[in-house]
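Enquirer: Below you will find the structure I want to go over with you.
The values are calculated or read from the model by the stated rules, or taken from the named source; none is laboratory data. Please read these numbers as outputs of a predicted model, since none were measured by experiment. Cβ placement follows ideal geometry from the backbone for every residue including glycine, while neighbour counts extend to all protein chains displayed. All accessible areas refer to the heavy atoms of the entire protein, side chains included, with ligands and DNA or RNA removed. Shrake-Rupley method; radii C 1.70, N 1.55, O 1.52, S 1.80 Å.
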Amino acid sequence: MKSFGYQRAQRAQDAVAALAATPGACYLGGGTNLVDLMKLGVERPELLVDVSRLPHGTVDRTASGGLMIGAAVRNSELAAEPVVRERYPVLSQALLAGASPQLRNAATIGGNLLQRTRCLYFQDIGKPCNKREPGTGCPARTGVHRELAVLGASPHCVATHPSDMAVALAALDAEVHVLGPDGQRTVPVTELHRLPGEHPERDTVLAHGDLITHVELGPVPEAVNSAYRKVRDRASYSFALVSVAAALEVLDGTVSRVRLAFGGVAAKPWRAYTAEERLLGGPATEAAFTTALEAELAPAEPLHDNAFKVPMLRNTAVRTLARLARSGGPTPGEEER
């Protein structure tokens, strides 16, 4: 690991100023992803600006009936928050599905959103990778890609975003509060991360110096009946092959409200707008769920070794929606193996 400077920020404005003044600087929250990448030589910051002790460590109710979640809140704290477990169970379940208890105790909400792909080629500095070094190529397309993208990929990159929490937040239409050199703004979670396109090196729409300070959840009535379902190779400390965040309200057998997002299949949490549109106002049956999911997944472009993800995701989503339609979503921690 190369030498680097360290600075502990006392105010958010100071952190932004310090980062903006140093092109090679990075924010340090829990460090559960960044420090690993520094050890691998993928990230080589000149300066780390520690933002973990800024006053962004609380979960507060908003006047509209939602929640304002500080970016420095730890994953384990948010998962255990009573109001989250009661009103947004999909979020609590997603957080508990990620990493290990030790990492959840260290990882922050802001850092979780900004973690980088676990693609093997990105993490190996001895291999070419367009995300790490633009223009060098994407060997994953013809190499090891079993866990990589089937939606929204490009010839330049097939990496996937690893966060479970971000998938739940996308389904809930959360908004990210950002403080940058030009002031404050909000960014919808669904627009925070980028698909690779021609520039896979750009993970998000954030500019250098932008600091996530809070994540805001609005009142989402259907989120009371919500669930996160994750399919992975082993029961603990494993990233999703596919995952589904769903919220559903059914009245007289008809879908009156629905939210659906996928993980493990794209470079960003994939909001299933096509499926939602087809489901809304229709029957809450497995046949209807299957038809809607097939329409959502029609544009999928799997590679040789990850084509299994398409039927796996369809079946996982149908099963999750069917359970919610019976008002009996999976219990916290339940998952497919």
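Enquirer: How would ARG185, ARG61, ARG53 line up by accessible area, probe 1.4 Å, largest first?
Expert: Numbers: ARG185 95, ARG61 165, ARG53 145 Å².
Order by accessible area, largest first: ARG61, ARG53, ARG185.
Enquirer: Given a cut-off of 22 Å, what percent of all Cα-Cα pairs of the stretch 61-159 lie beyond it? Walk me through the numbers before you get to the answer.
Expert: Values: 2331 of 4851 pairs.
It works out to 48 percent of all Cα pairs.
Enquirer: What list of ³J(HN,Hα) values in whole Hz, one per residue of the stretch 203-213 in order, does the Karplus curve 6.51 cos²θ - 1.76 cosθ + 1.60 (θ = phi - 60°) give from phi, with Gly and Pro shown as x?
Expert: 6, 9, 8, 6, 9, 4, x, 5, 10, 6, 9
Enquirer: Charges only on Cβ, +1 for Lys and Arg, -1 for Asp and Glu: so what's the dipole of the chain about the Cα centre, in debye to the nearest 20?
Expert: Charge dipole, the chain, about its Cα centre: 680 debye, nearest 20.
Enquirer: Return the long-range amide H neighbours of ARG8 (sequence gap of 5 or more, or a different chain), with a cut-off of under 5 Å between placed amide H atoms.
Expert: Residues meeting the amide H criterion: ASP50.
Enquirer: Let me know the Rg and Dmax you get for the chain when you use only its Cα atoms, in Å.
Expert: Computed over the Cα atoms of the chain, radius of gyration and Dmax are 19.5, 63 Å.
Enquirer: Follow-up. Looking at TYR273, VAL258, ALA140, which one has the Cα that reaches farthest to the positive end of the dipole of the stretch 135-281 (charges on Cβ: Lys, Arg +1; Asp, Glu -1)?
Expert: Farthest along the dipole direction, towards plus: ALA140.
Enquirer: Over all distinct Cα pairs, what is the inverse of the mean 1/r for the stretch 154-270, reported as the Kirkwood hydrodynamic radius in Å?
Expert: Numbers: mean 1/r = 0.0640 Å⁻¹.
Here the Kirkwood hydrodynamic radius works out to 15.6 Å.
Enquirer: Kindly report, to the nearest 10 Å², the accessible surface of CYS26 as traced by a 1.4 Å probe over protein heavy atoms only.
Expert: For CYS26, the solvent-accessible surface is approximately 30 Å².
Enquirer: Let me ask something additional. Mind listing the phi-derived Karplus ³J(HN,Hα) values for the stretch 29-43, rounded to whole Hz, using 6.51, -1.76 and 1.60 with θ = phi - 60°, and x for any glycine or proline?
Expert: Ordered by residue, 3J(HN,Hα) equals x, x, x, 5, 9, 4, 5, 4, 5, 5, 5, 7, x, 6, 9 Hz.
Enquirer: Roll a 1.4 angstrom probe over the protein heavy atoms and tell me the percent of accessible area of the stretch 20-144 that is carbon or sulfur. Before the final figure, lay out the partial values.
Expert: Numbers: 2820 of 5370 Å².
Carbon with sulfur: 52 percent of the solvent-accessible area.
Enquirer: Same structure, new question: In Å, what is the Rg of the alpha-carbon atoms in the stretch 200-247, and how long is Dmax?
Expert: For the stretch 200-247, the Cα radius of gyration and maximum Cα-Cα distance read 15.8, 38 Å.
Enquirer: Please list, by residue number, every one of the trypsin sites (Lys or Arg not before Pro) in the stretch 203-276 that is coil in DSSP and has at most 14 other beta-carbon atoms within 10 Å.
Expert: On the way: sites: ARG229, LYS230, ARG232, ARG234, ARG257, ARG259, ARG271; in loops: ARG232, ARG234.
Of the trypsin sites (Lys or Arg not before Pro), the ones in loops of the stretch 203-276 whose Cβ has at most 14 other Cβ atoms within 10 Å are ARG234.
Enquirer: According to a simple spin-label model (label point 7 Å from Cα along Cα-to-Cβ), what is the distance in nm between SER236 and VAL205?
Expert: That separation, rounded to one decimal, is 3.9 nm.
Enquirer: Now for a different question. May I ask you to evaluate 6.51 cos²θ - 1.76 cosθ + 1.60, the Karplus curve with θ = phi - 60°, for each residue of the stretch 236-248 and list the ³J(HN,Hα) values in order in whole Hz, giving x for glycine and proline?
Expert: 9, 6, 9, 7, 6, 6, 9, 8, 9, 10, 9, 9, 8
Enquirer: For every other residue with a beta carbon closer than 9 angstrom to the beta carbon of PRO188, add +1 if it is Lys or Arg and -1 if Asp or Glu, then tell me the sum.
Expert: Numbers: positive: none; negative: ASP173, GLU175, GLU191.
The answer is -3.
Enquirer: For LEU211, enumerate residues with amide H under 5 Å from its amide H, sequence gap 5+ or separate chain, H modeled in the peptide plane.
Expert: LEU179, GLY180
Enquirer: Separate question: Jot down the radius of gyration and Dmax of the stretch 1-50, Cα atoms only, both in angstrom.
Expert: 10.5, 30
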